[in-house]
Amino acid sequence: MKPQSFPDIAQQLIDVGKRFDARGWVLGTSGNFSSVLAHEPLKMAITPSAAFKGDLCSDEIVEIDERGAPVGAGRPSAEALIHIEIVRSRDAGAVLHTHSVWSTILSDLHADEGGLFIEGYEMLKGLDGVHTHDHREWVPIVDNDQNMPRLARVVSDALDRHPRTHAVLIRRHGLYTWGASLAEAVRHVEILEFLLQAMGQTMAIRQGMERVTIES
């Protein structure tokens, strides 16, 4: 496959921002996206720090090296080191981070368990390598930390402990997932966000029904 140019990848990241903003997954300045330009040495295109992802411009997308330092102008996402660790751990071609309501809520509710299982949903078959709804996906949850090198190491350790997982949740912070390509990573976001919302709303409905039963 012919390598894509930086301008092409930058435009794709802009399109992802518009798509995810329309779904309410990157409100305010939340979320960050990256795509690999080259693996040896590692070079990546990444969204900028503190930017609204629904209205990005091509000159805002930043090129970074294997240390997360910008190559040229721009200030990359503060979470660039997490992207780098995920790329190294999973040999990923792209990493996407969203801040949806349901990923934030469930990452908090299940934090004490260290993660959550997703199982029995047909939509699981949209994840790479999954061929049946009987699949049981474990999504680890790690505590948030403003020390990015330390948080990146914690995420990397979680991936090492759970080599089959397709995502990581950061408590009260949201979802990280990845793919061999940017298109695959986008698909994984849409699958996982659907599943997390389905689980969260199902839980809320059941609790509401239980309250009605008790009160009646």
- prompt: With axes computed from alpha carbons, what is the tilt in degrees of helix 80-90 against the longest principal axis of the chain, rounded to the nearest 10 within 0 to 90?
  reply: 80
- line: Expected unfolding gain across Lys125-Arg150 under the 0.36 nm per residue rule, minus the alpha-carbon gap, is 5.7 nm
- request: For the chain, find the longest principal axis of its Cα atoms and tell me its angle to the long axis of helix 6-22, 0 to 90°, nearest 10.
  value: 20
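222 nm [θ] for the chain, helices only, -39500 (n - 2.57) per DSSP H run of 4+, per residue, to 500? Don't skip to the end; give the middle numbers.
Details: 5 runs with 85 residues, N = 216.
Computed ellipticity for the chain at 222 nm equals -13000 deg cm²/dmol.
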- prompt: Order of 101-109, 155-163, 200-208 by packing, highest average Cβ count within 10 Å first?
  reply: 101-109, 155-163, 200-208
message: Per-residue counts of other Cβ atoms within 10 Å, averaged by peptide: what ranking do you get for 119-131, 180-192, 86-98, highest first?
response: 86-98, 180-192, 119-131
- prompt: Mind checking which aspartates and glutamates have their C-alpha under 18 Å from Lys53, skipping anything on the same chain fewer than 8 residues away?
  reply: Asp8, Asp15, Asp21, Glu63, Glu79, Glu190, Glu193
message: Rg over Rh of the range 1-136, using C-alpha atoms and the Kirkwood radius, what does it come to?
response: 1.00
query: Sequence-distant or interchain residues sharing an amide H contact under 5 Å with Leu42, placed H: which?
result: Glu66
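Could you size up the charge dipole of the chain around its Cα centre, putting +1 on the beta carbon of Lys and Arg and -1 on that of Asp and Glu, and report it in debye to the nearest 20?
Value, rounded to 20: 60 debye.
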message: Just to confirm the number: angle between the C-alpha axis of helix 182-215 and the first principal axis of the chain, 0 to 90 degrees, nearest 10?
response: 20
field: Rel. contact order, % - alpha carbon contacts under 8 angstrom, at least six apart, the range 99-202
entry: 34
query: When every alpha-carbon pair in the range 81-147 is counted, what percent end up more than 13 Å apart?
result: 73
- request: Can you check what the net charge comes to around Gly200, using other residues whose Cβ is under 13 Å from the Cβ of Gly200 (Lys, Arg +1; Asp, Glu -1)?
  value: -1
FRET efficiency, Asp112 to Gln11 (Cβ-Cβ, R0 45 Å, nearest 0.05): 0.60
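Normalised by the number of residues in the chain, what is the relative contact order in percent for Cα pairs under 8 Å and 6+ residues apart? List each step's numbers first, then the result.
Numbers: 401 pairs, mean separation 39.8, N = 216.
Computed over the chain, the figure is 18 percent.
Since every read-out is calculated from the coordinates, none of them should be taken as a lab result. Source: prediction; values computed, not measured. Cβ coordinates were reconstructed from backbone atoms using ideal geometry, including for glycine residues, and neighbour counts include every protein chain displayed.
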